[in-house]
Amino acid sequence: MAVREDDSDAPEEFTTEQGIKQDEEIRKVQRENKARVIREGKKRRKKWAERLTPRPQPQSSDEVKKNELETEARRESQINDGMLPEDIVNLLAARELVFSPFT
């Protein structure tokens, strides 16, 4: 009976340098995997939050002008506290001229 040198159950033998190099490679892969898991988790949470949070739709120029006019009207009404806004006063004056019984 011959004793074989290539026993598959025996652990691999490394020099100190080879062990250190292999350990560094393993640690590097572990760091990369942890960073990847964290990055993917952040992406997943961001997508989930985007689905839950409604985003304002981009406004056309007409809508922007309309909003500006409404904002301006509100500002005027706050300035003229207790008085009617200018456009309503003009409307009532024009209506009074048209329906005035004295003309």
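The values are calculated or read from the model by the stated rules, or taken from the named source; none is laboratory data. Note that the structure is a prediction, hence the values are computed from the model and not measured. Please note that ligands, DNA and RNA were not included when accessible areas were found on the heavy atoms of the full protein model with its side chains. Shrake-Rupley method; radii C 1.70, N 1.55, O 1.52, S 1.80 Å.
Take Lys46 and tell me if it is open to solvent by 100 Å² or more (accessible area, probe 1.4 Å), at negative phi and at pLDDT 90 or above. Yes; evaluated as a whole, the condition is true for this residue. Checking each residue in segment 16-39 for being among the charged types (D, E, K, R) and open to solvent by less than 90 Å² (accessible area, probe 1.4 Å) picks out only Asp23.
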